[in-house]
Structures are given as C-alpha cells and as structure tokens.
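To start, the structure itself, in structure tokens.
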Amino acid sequence: MINSSNAAAHDSSRARKLQLLGILSGFTAGAWLGAAEAPTKLVTVGISPMVISLIMVIGVFLARWSVPALILGTSSVRADVRRAPHLLVWAVLAGCLWAVANTMTIFAIRDVGLSIAFPLWNSNSLLGILWGFLFFNELRQAGWRRWAGVVGGGVVLCAGGALLAIASSTAGPAAHPMRGVWAALGAGILWGTMYIPYRKAYLTGMNPLSFVTFFTFGEVGMMSALAVSYTGLAPLWRQLTDARDILFWLMLGGFIWVIGDLFQQYAAKYVGISRGIPLANSNQLWGLLWGVLVFGELHGRSASTYAQVIGGSLLMLLGVGAIAASSASSGEQKRRKEAVQREGRRYGVDADYVEARMAGRQASGEDKPSRTVWDWSLVAVASGVFLVLAWMARVPQISVNWGMVGLLTAASLALLFVCGVALWRTTKFQ
C-alpha cells in the first residue's frame, strides 16, 4: 500500500512538472515565433510574397534537419519512424498546411501590417480548443470552472480579434486592408487544423524533433508548387537572383521560426493543443512589439487607432491567460489517457513505449540517442549555407530601431536558455 501510494504521488508530481514545462515551452514559443515574422517586413521593399515565403521555407528545411541532428542525432529520428511509420503521412500533410498558411500571412502583413495581422491569424486558438475536445478528449470531465476559463478566454480572443479588424480598416498600409484581414484569418484556420497531426504524433509517442524533420517535406513541396504556379519558373528564378543580397535575412526568419515551433511542439505534447496553441499565441504580443517598436508601424496614426490595436491585443492576451490558467484536472487527465490508448491501438504502437514518451522518458530497451558523422555533416552544410548567404547579405533599406532589436533579441535568448535547460533536465528533449 505504501509503495502504491508513493508511486501515485510520484506520478502526480511528474504530471505537474510536465504541465509547468509545457506552459513555459508555450511562452518561449511565442517569443521566437513572434521574432520569426520580423524578416517578412521585407515585403514592404518590393520583394514578392512568394519569394519571401519560399526562401523562409528553405531556411526552415535546413533548420529542421540540422537542429534535431545537433540535439539528439538522426538515429532517434530513424527509431521513431520504425515504431510509427504512419506518422510520416501526417507530418507531410501538416507541412503542406503550414506552407499555404505561411504564404497567406505574407500577403496579410503587406496589406494590414505585422502588428495587426499577428493577432488575427492567432484565431487558430479557437480551432485548437475545438479539435482538442472533439478528437483527443481534452477538456472532457474538466469541471465547469475550467470550461468557463477556456470558453470565456475564447470569447475574449474573438472580441480582441474583432477590435483589431476594425482598426485595420483605417490603419492598413495598403489599399486593400480587408483583403489582408481575410488572408490572416485564412492562415489562422489552416494553422489551427494543422495541429491535429501534431497531437496524433505525440499521443503515439513520437519525439517532437522527429516529427518536425518530416514535416518539412510537406512544407518544401507545397511551397515550391505554389511559387512556380503563381509566379512561373523563369520569373521566380529571376526574382531569387535579384533578391540574393537579402536571402540571408529571410532564411534566418525560417530558422528562428523552427526554434519557436520546436517549443510549440513540446507545449502541444505536454499540455495539449487546446492549451498549448493559445500559449504559443502569446506571439501576438511579440508581434506587436516588433511591429511597433522596431519597425515603427502605426507611427503617425490617430490615438484611437493606437487604442484599438493595443486594446485588441491586450484583450486577446487576456483570453490566452484565462485558457492557460485552466489546468487539466484528474478527470480530464484520465480521459486523455484513454485517447492515448486509443491512438496506440489504432496504429499498433506498444503501450509501454507510448506511456514512457508521454511522461518525457525513454522507453525501456530503447537505444540511447547518438550522433554520427552524418549528423555533424548536416550541421556543417546548414551552417555553411547560412555563412555564405550572410557574406552576400546587405542591410535592407528599411527603417529599423536597432536598440529595440537588441532588447527583444536578448529577451528571446533568455527564454530560450531557461526553457532549454528545463527541457533537458526534465525530459532530455524526449
């Protein structure tokens, strides 16, 4: 009886620790996902949105292979694929959805600006709550207080988004502000749906580092098809060569996005998509800071426009906070375990393996991850590409407050360090 009681207390303590880790991962993801969109401001200096999105995706491709190789080695990726090969299809599908959504955000930034577009496409929080409830037993038996927090937070998110949409009709930098609004909302729908494959992957034990590696095939394939069909092969190549001195900044944006997305993956794994997505969507605050403080968006606008944009963003953050505070009850955790068991049976994945991975541990009998010459070669090639492009790069002719760039960068790096250390100590990035 004593041993059973101690085991239950240990499991409960572990669950609380993982939940706090998921929350920290979500906020860290918000900082880095917010910073990743800053290079897309280059759309305002005449670079095609398709070129911007394509080059960002190439940067994402390099990062998604080199970062996992550096952290755990590709041996862990191969082991995950052998245990759950069905997830390759889900990963590629998620990558396709991401590529289309990311392209839509470029058009949205062009038409309504970064500080306004960000909160609009973060409407994906609402879809994350819906899909988590319908498909993965999240919020089942959660109790009325947690339901009130999540539903109330969703209502506040919508109110903030509506306020920003009204502001965009007068603050948009282009002649078609509502086109930007629809593009941002469309991106939110696609990104919200993209999280279904995420959750399926983690409920069957796949490591986030493995999932994102194959995710990128869908990104690159879909984005290449979009760019060629929209622009044409010859014009696309001409635009790429003409923009060669700023390609580094765009690929850097893709790399930064991958860092943020990795933390978002861990948030989705440990607190679910109904909570993990709203937490990661704290990037709207970072988007507002980058847009207003670094790029001077809204400069010269009326006081009412400032009030609408800032008020709408704060409302949406209030909604995010209410959702994040609605921690999972024991009843909800029990229903989540049922979803884990269901997904494991569906795909024939060993139950002990899934349970260990969901608890942030290696499964018994699982080989310890190791790095090979192949892994170091991947890291060297990716680093070489970035170094060559950095040598060719020039600072874009765009107004930037470099003091604010330094401040926001330092804050993002601090979150990266704190959360990275916490993930390593608690889960060894499992």
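A few notes on this one:
- PHE386 being assigned to a helix (DSSP H, G or I), out of contact with any helix residue (DSSP H, G or I) (no Cβ under 6 Å at 6 or more places or on another chain) and surrounded by 15 or more Cβ atoms within 10 Å (Cβ to Cβ): yes
- Being touching an Asp or Glu at 6+ places or on another chain (Cβ under 7 Å) and either crowded, with 24+ Cβ neighbours inside 10 Å or not in a loop (DSSP other than H, G, I, E, B) (or both) is a property that holds for MET206.
- Close Cβ contacts (under 8 Å, 6 or more residues apart or on different chains) running from residues in the stretch 414-430 that are closer than 19 Å to SER76 by Cα to residues that are open to solvent by 50 Å² or more (accessible area, probe 1.4 Å) comprise THR426/LYS17; THR427/ARG361; LYS428/GLN362; GLN430/ARG361; GLN430/GLN362.
- Pick from the stretch 177-194, criterion open to solvent by 10 Å² or more (accessible area, probe 1.4 Å) and of a type outside the set (A, V, I, L, M), ranking: modelled with the highest pLDDT: GLY186
- Put simply, of THR216, THR231 the only residue that is open to solvent by less than 10 Å² (accessible area, probe 1.4 Å) and among the polar types (S, T, N, Q) is THR216.
- Scanning the stretch 102-116 for residues that are in contact with a Lys or Arg (Cβ under 7 Å, 6 or more places away or on another chain), within 19 Å of GLY188 (Cβ to Cβ), of a type outside the set (Val, Ile, Thr) and crowded, with 23+ Cβ neighbours inside 10 Å turns up at least one hit.
- Residue within the stretch 407-426 that is touching a helix residue (DSSP H, G or I) at 6+ places or on another chain (Cβ under 7 Å), closer than 20 Å to LEU70 by Cβ and of a type in the set (Ser, Thr, Tyr) present: yes
- The stretch 411-429, residues that are small (Gly, Ala, Ser) and exposed (fewer than 14 other Cβ atoms within 10 Å of the Cβ): ALA414
- Of all the criteria given as (1) over 30 Å from ALA15 (Cα atoms); (2) open to solvent by 10 Å² or more (accessible area, probe 1.4 Å), the one not satisfied by ALA243 is (2).
- Looking only at the stretch 389-410, residues that are open to solvent by less than 40 Å² (accessible area, probe 1.4 Å), in contact with a Leu (Cβ under 7 Å, 6 or more places away or on another chain) and in a loop (DSSP other than H, G, I, E, B) come to 1 in all.
- Near pairs, Cβ below 8 angstrom, 6+ apart or cross-chain, from the stretch 26-40 (basic (Lys, Arg)) to any residue that is in a helix (DSSP H, G or I) and surrounded by fewer than 24 Cβ atoms within 10 Å (Cβ to Cβ): none
- Filtered by the rule that a residue be touching a helix residue (DSSP H, G or I) at 6+ places or on another chain (Cβ under 8 Å) and assigned to a loop (DSSP other than H, G, I, E, B), the stretch 269-314 gives GLY272, ASN281, SER282, PHE295, GLU297, LEU298, ARG301, SER302.
The values are calculated or read from the model by the stated rules, or taken from the named source; none is laboratory data. What you are looking at is a predicted structure, and each value in this text was computed from that prediction instead of being measured. Here the Cβ is made from the backbone with ideal geometry for all residues, glycine too, and neighbour counts use every protein chain on show. Side chains included, ligands, DNA and RNA excluded: accessible areas come from the protein's heavy atoms. Shrake-Rupley method; radii C 1.70, N 1.55, O 1.52, S 1.80 Å.
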